[in-house]
Amino acid sequence: MIAYSGNPLDRAGDKRGDAEWLTALRCDPRARILPLCRLQPLLKETGGEAVTELRYVSGADFRYLGGEGTVEVFLGLADGIAYFARDVSGADDAFVKFGTFKDARAAAALLSYEEVAIVGQAKALVDWHLRHKFCAQCGASTKMADAGYKRVCAACGAEHFPRTDPAVIMLVTEGDSCLLARNRRFTAGFSSALAGFVEPGESIEEAVAREVMEEVGLSVARVRYFASQPWPFPSSLMIGCFAESRTREIKIDGKEIIAAEWFARDAVKLLLSGERRDILLPRRDAIAYHLVKTWAEED
Ligand SMILES: [Zn+2]
């Protein structure tokens, strides 16, 4: 399972535009609202086993926290109960009795896959609203519509939709080896697949070939799609691929990529099992980990 995917909620895209339908669900005492403080979800620890799960708050509990301009979005339905996410930045103190706000990436390591996916949806959507309060066409202020899946400009009528930015992430292979690279932003010892944003007018295959050429100077012969991952930091869709290189002669760009090295499949297996520890591989919540693991276990 790839983290941030597998969301169990029914987004009810055909019904959520109906304000009456949505209000009825929101007024149901069973409605569950996930508070986000500075985009950090509220967590609770349960029992002596210290199992961590999301801490939803009921609609009734929210009466004292209203306020004009508050961002609250509909996430979806499960078993007839509606789930929402709400920005509560600045009201931290009111939630101390419920649980603890935790950074979304750190929370991902503690929660179930289903809850991690819900956090991803909530964070990406709330973040978009907080940063897109004005119309990109005329500059006037915009209002949320369609349960949070749209903003509409009252002045010019333009409609704005939540952003998802496609990015390619590819494990470059040649024969029985793969290329692991160190980005300038990585901590020491950490290596991963190459990655970059898809540019306008580019196919996934073209973006993979361009990024691989730019970052390590390799010409790609074939691109194979693997899987994708919603990555809410802030709003990417990571498109995972394998890219076969024609040669092994690396020429790193020295700007983004500061080191790159070929690793034989057996060496990668040792890194994955932890028997070899001189190189740190991507965390399990990143699609890069699944790219490396899947390739290492092939054939
Ligand atoms: Zn406008």
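The values are calculated or read from the model by the stated rules, or taken from the named source; none is laboratory data. This is a predicted model, so every value here is computed, not measured. All Cβ positions, even for glycine, are placed from backbone atoms using ideal geometry, and neighbour counts span all protein chains on display.
Looking at the range 129-168 only, could you name the residues that are of a type in the set (Lys, Arg) and farther than 29 Å from residue 20 by Cβ? Once the filter is applied, which keeps residues that are of a type in the set (Lys, Arg) and farther than 29 Å from residue 20 by Cβ, the range 129-168 yields only 131. Selection of the range 146-159 for residues being out of contact with any Lys or Arg (no Cβ under 8 Å at 6 or more places or on another chain), at negative phi and assigned to a loop (DSSP other than H, G, I, E, B) yields 155, 156, 158. Scanning the range 122-150 for residues that are free of Cβ contacts under 8 Å to residues at least 24 places away in the same chain and within 10 Å of the ligand (Cβ to nearest atom) returns 134, 137, 138, 139, 140, 141, 142.
Considered as a group, the residues in the range 236-271 that are in contact with a helix residue (DSSP H, G or I) (Cβ under 6 Å, 6 or more places away or on another chain) and among the aliphatic types (A, V, I, L, M) include one that is farthest from residue 186 (Cα to Cα), and that residue is 243.
For (1) within 15 Å of residue 174 (Cα to Cα); (2) aliphatic (A, V, I, L, M); (3) crowded, with 16+ Cβ neighbours inside 10 Å, each residue gets a yes or a no:
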position: 213; (1), (2), (3): yes, yes, no
position: 221; (1), (2), (3): yes, yes, no
position: 229; (1), (2), (3): no, no, yes
position: 234; (1), (2), (3): no, no, no
position: 242; (1), (2), (3): yes, no, yes
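For the range 15-27, taking the residues that are touching a strand residue (DSSP E or B) at 6+ places or on another chain (Cβ under 7 Å) and not hydrophobic (A, V, I, L, M, F, W, C), the one that is surrounded by the fewest Cβ atoms within 10 Å (Cβ to Cβ) is identified as 26.
Given 163, 222, which one is charged (D, E, K, R), away from the ligand (no atom under 16 Å from the Cβ) and under 30 Å from residue 265 (Cβ atoms)?
222
Among the residues of the range 69-94, those that are in a helix (DSSP H, G or I) and either under 27 Å from residue 229 (Cα atoms) or touching a residue at least 12 places away in the same chain (Cβ under 8 Å) (or both) comprise 92, 94. Within the set 245, 228, 236, the sole residue that is out of contact with any Asp or Glu (no Cβ under 7 Å at 6 or more places or on another chain) and hydroxyl-bearing (Ser, Thr, Tyr) turns out to be 228.
I need the full set of residues from the range 247-282 which are in contact (Cβ under 8 Å) with a residue 40 or more places away in the chain and basic (Lys, Arg), in order please. Residues satisfying the conditions are 248, 255, 265. Cβ-Cβ contacts under 6 Å between residues 6 or more apart (or on different chains), taken from a first residue in the range 285-299 that is buried (at least 16 other Cβ atoms within 10 Å of the Cβ) to a second residue that is of a type in the set (D, E, K, R) and at pLDDT 95 or above, are listed as 296/265; 296/269.
The residues on offer are 123, 143, 97, and the sole one that is in a loop (DSSP other than H, G, I, E, B) and of a type in the set (D, E, K, R) is 97.
Within the range 160-202, which strands (runs of 3 or more DSSP E) (wholly inside it) include 1 or more residues that are among the β-branched types (Val, Ile, Thr) and in contact (Cβ under 8 Å) with a residue 60 or more places away in the chain?
Of the strands (runs of 3 or more DSSP E) lying wholly inside the range 160-202, those with at least 1 residues that are among the β-branched types (Val, Ile, Thr) and in contact (Cβ under 8 Å) with a residue 60 or more places away in the chain span 165-174.
Residues that are crowded, with 18+ Cβ neighbours inside 10 Å and under 18 Å from residue 109 (Cα atoms) within the range 271-284 comprise 281, 282, listed in sequence order.
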